[in-house]
Amino acid sequence: MGAKPILWIVIPCYNEEEVLNTSAPLFLEKINALIKAEKISKNSRILFVNDGSKDKTWDIITELSGKDEHYIGISQSRNRGHQNAVLAGLMEAKDNCDITISIDCDGQDDINAMDAMVDEYLNGCEIVYGVRSKRSTDTAFKRMTAEGFYKVMNLMGAEVVFNHADYRLVSSLVLNHFADYHEVNIFLRGMFPLVGFKSTSVYYERHERIAGESHYPLRKMIALAYDGITSMSVKPINFITGFGAVVGLMGFIGVLWAVITSLAGNTVAGWASIVCIVCFLGGIQLLSLGIIGGYVGKTYMETKQRPRYIISHRTWEKTERHYIEEDEKNE
Ligand code: UDP
Ligand code: MG
């Protein structure tokens with residue numbers, strides 16, 4: 001049998017001081033169980049990515065890293081958002097492990113699904129998506145908006161796995177190809193399917209947060225959906241063109257109607273109709289301009305090629321992969 005794969009669990013953390021001390025031991029327990037079951041190497045790690053937290057999150061992470069060698073952490077120089085935090089962690093991990101699993105630190109995603117994910121990897125899958133089978137613990141409102149989110153995304157041409165967030169196993173093979181995607185506007189769950197390779201899904205039930213509050217209220221979810229759509233597809237532009245054509249046709253009919261009625265001498269002080277048309281068209285034009293402007297803005301950001309994450313601190317020293325393997329051989 002070949003060497004057992006090294007697993008790195010990548011966990012983004014933003015202001016999670018209330019949660020971390022409860023959830024970290026659960027991750028450790030899981031990784032130890034997987035090591036014991038001889039599915040993964042004992043050089044596996046739990047990598048916390050502090051996303052510029054304003055509370056004690058980083059202190060807790062450094063404390064944890066002193067307690068057990070499996071815990072390590074990196075810190076972003078400032079808050080950059082969940083997607084960038086996950087990306088930073090994955091890029092940190094990719095040359096030091098064989099597989100990564102990204103998961104939130106709040107205990108909402110079922111840790112026990114990791115066994116099935118690793119099994120799927122051992123069976124030859126390079127990407128394993130964690131899919132929520134039930135959302136019974138979410139409020140009806142969160143469930144509805146979250147499921148609407150996936151439907152709108154797919155309708156708008158950003159293909160995403162239904163009810164999959166960012167709980168997934170990705171092999172280092174995939175990550176090395178993924179590293180060639182240099183875009184600044186990242187939407188991980190829509191990008192990994194583009195990389196290809198054999199993939200599958202495992203299903204799990206979504207739990208309640210251990211403590212603390214969601215960082216994704218409706219406003220941020222809409223922003224994420226909009227961001228995802230405009231990062232992944234240009235369908236909205238096609239919609240605008242189609243919509244513009246229909247409105248234009250209606251406008252043409254309106255003009256004919258206006259000319260004919262005025263020629264017939266039946267003109268009245270058509271204030272209301274003019275105001276309606278002006279308002280309607282004004283609104284549509286602003287909306288369209290806004291969406292197109294969104295794309296222009298994104299192009300602008302992409303041309304800058306700014307770094308997508310900046311790591312300011314590490315609890316570990318980046319070692320070369322072959323040293324780790326040497327250690328394993330010596331034992
Ligand atoms: N998170 C982050 N940076 C942010 C916001 C959130 O790293 O700017 C992390 C957060 O600590 C958590 C995960 O992303 O581990 C998901 O956030 P949250 O649980 O608030 O979202 P929800 O599960 O409610 O969608
Ligand atoms: Mg959560």
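The values are calculated or read from the model by the stated rules, or taken from the named source; none is laboratory data. None of the values given here were measured: they were computed from a predicted structure. Quick reminder, even Gly has a Cβ in these numbers, built from the backbone with ideal geometry, and neighbours come from all protein chains shown.
Among the residues of segment 25-58, the ones that are in contact with a strand residue (DSSP E or B) (Cβ under 9 Å, 6 or more places away or on another chain) and closer than 26 Å to residue 308 by Cβ come to 13 in all. The set of residues from segment 182-214 being modelled with pLDDT of 90 or more and in a loop (DSSP other than H, G, I, E, B) comprises 197, 198. Residues in segment 191-203: is at least one within 16 Å of ligand 2 (Cβ to nearest atom) and touching a residue at least 24 places away in the same chain (Cβ under 8 Å)? Checked against the condition, which is being within 16 Å of ligand 2 (Cβ to nearest atom) and touching a residue at least 24 places away in the same chain (Cβ under 8 Å), segment 191-203 yields no hits at all.
Part of a helix (DSSP H, G or I), more than 25 Å from the chain's Cα centre (by Cα) and of a type outside the set (Ser, Thr, Tyr): does that describe residue 66?
Working: part of a helix (DSSP H, G or I): yes; more than 25 Å from the chain's Cα centre (by Cα): yes; of a type outside the set (Ser, Thr, Tyr): yes.
So residue 66 passes the test.
What about residue 65, is it at negative phi and crowded, with 23+ Cβ neighbours inside 10 Å? So residue 65 fails the test.
So which of 39, 94, 54 is of a type in the set (Lys, Arg) and in contact with a Leu (Cβ under 6 Å, 6 or more places away or on another chain)? Please lay out each step first, then the result.
Working: 39 fails: in contact with a Leu (Cβ under 6 Å, 6 or more places away or on another chain); 54 fails: in contact with a Leu (Cβ under 6 Å, 6 or more places away or on another chain).
Among 39, 94, 54, only 94 is of a type in the set (Lys, Arg) and in contact with a Leu (Cβ under 6 Å, 6 or more places away or on another chain).
Please indicate, with yes or no, whether at least one residue in segment 68-89 is charged (D, E, K, R), in contact (Cβ under 8 Å) with a residue 40 or more places away in the chain and closer than 22 Å to residue 3 by Cα. No, segment 68-89 contains no residue that is charged (D, E, K, R), in contact (Cβ under 8 Å) with a residue 40 or more places away in the chain and closer than 22 Å to residue 3 by Cα.
Identify all residues within segment 217-245 that are under 17 Å from the mean Cα position of the chain (by Cα) and either acidic (Asp, Glu) or surrounded by 15 or more Cβ atoms within 10 Å (Cβ to Cβ) (or both); write none if there are none. Passing the criteria: 221, 224, 225, 226, 227, 228, 229, 230, 231, 232, 233. Any residue at all in segment 207-217 that is within 16 Å of ligand 1 (Cβ to nearest atom), more than 26 Å from residue 78 (Cα to Cα) and either in contact (Cβ under 8 Å) with a residue 40 or more places away in the chain or small (Gly, Ala, Ser) (or both)? Looking through segment 207-217, at least one residue is within 16 Å of ligand 1 (Cβ to nearest atom), more than 26 Å from residue 78 (Cα to Cα) and either in contact (Cβ under 8 Å) with a residue 40 or more places away in the chain or small (Gly, Ala, Ser) (or both). Per the conditions (1) aromatic (Phe, Trp, Tyr); (2) touching a helix residue (DSSP H, G or I) at 6+ places or on another chain (Cβ under 9 Å); (3) farther than 30 Å from residue 141 by Cα, the sole criterion not satisfied by residue 300 is (2). Screening residue 146 against (1) part of a loop (DSSP other than H, G, I, E, B); (2) within 16 Å of ligand 2 (Cβ to nearest atom); (3) touching a residue at least 24 places away in the same chain (Cβ under 8 Å); (4) of a type outside the set (Val, Ile, Thr) leaves a single unmet condition, (1).
The set of residues from segment 215-235 being within 14 Å of ligand 2 (Cβ to nearest atom) and part of a helix (DSSP H, G or I) comprises 220, 221, 224. Of the listed requirements (1) among the β-branched types (Val, Ile, Thr); (2) within 16 Å of ligand 2 (Cβ to nearest atom); (3) modelled with pLDDT of 90 or more, residue 128 misses just one: (2). Residues in segment 294-307 include none that are under 30 Å from residue 19 (Cα atoms), within 41 Å of the chain's Cα centre (by Cα) and small (Gly, Ala, Ser). If you check 96, 79, 123, 112 for being more than 14 Å from ligand 2 (Cβ to nearest atom), within 27 Å of residue 139 (Cα to Cα) and either of a type in the set (S, T, N, Q) or more than 17 Å from the chain's Cα centre (by Cα) (or both), only one passes: 112. Against the conditions (1) acidic (Asp, Glu); (2) away from ligand 1 (no atom under 14 Å from the Cβ); (3) without any contact (Cβ under 8 Å) to a residue 60 or more places away in the chain, residue 126 satisfies every one except (3).
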